[in-house]
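All of the numbers you see were taken from the coordinates with simple rules; none came from a lab. Just so it is clear, the model here is predicted, and its values are computed rather than measured. When we count neighbours, we look across all protein chains shown, and the Cβ atoms used for this are built from the backbone with ideal geometry, even at glycine.
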Amino acid sequence: FSLWHRPLNLRKLMEVQYPGLRRDMPLQRALKVNRLPEMTKTPGLRPMNKADVVRTHALLQANLSKFHLRPSWSLQEAEHWLLPREGVVDTYVVEGNDGALTDVVSFYRVSSKVLNHPVHTGLSAAHLFYVASDGCAHLAELIEDTLVLAKFKGLDIFVVLDVMDNRSFLEKLKFNVSGKDLNYYLYNWMCPRMSPDKVGIVLPN
């Protein structure tokens, strides 16, 4: 799989010389190109809570059923992996006017140290975890809102694997491929090679 990233705090990333950033444009133009909206646009978007576990679990399992390699979570596992925990995982749902949950999106956080820099001591990355949405057009809007939320929470960069339906929004939302690949090795499973769009599982790294 390929890793793609989208700068959230571009100035900081350039100051610490984050690998993989485009170097072919001036800072002010790069800031303009990577500018995000100030507010989210999806009506009914809110943080997931414990009362949402059953509906979120059903929504994700239905969406994941179209992929060849996917997890089969119990309710307890869905609660463990997705219920928001400060500094660990953030999950948002979209609630319609009728009270039904129509979408879910989650990301987990990875922190790393910055060495020998006079100002910055660390970087915070958001990694897209699981998402279920109604159609590719709406998925792009939902992920753009997720970028806005991650930036608001002070995260520096957003990282996505090109699994599931993720390729449908990567270029549209100005993600850049990092040049790094990630491989899954499944032991004791008769699992054939498959393309990333057939994979519905994300292993936090």
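Structure notes:
- Flagged links, alpha-carbon separation over 20 Å, of Lys32/Lys174; Lys41/Lys66; Lys12/Lys151: Lys41/Lys66
- Calculated mean residue ellipticity at 222 nm for the chain: -7500 deg cm²/dmol, from DSSP H runs with n ≥ 4 weighted as -39500 (n - 2.57), summed, divided by the residue count and rounded to 500.
- Surrounding net charge for Gly20, when Lys and Arg each add one and Asp and Glu each subtract one, Cβ distance under 12 Å: +4
- Within the chain, the longest run free of GluC sites (Glu not before Pro) that sit in a DSSP loop with at most 13 other Cβ atoms within 10 Å is 87-170.
- Amide H contacts of Ser178: Leu3, Trp4, His5, each under 5 Å away and 5 or more positions distant or on a separate chain (H built 1.01 Å from N in the peptide plane; Pro and chain starts excluded).
- The DSSP beta bridges internal to the chain are antiparallel in roughly 90% of cases.
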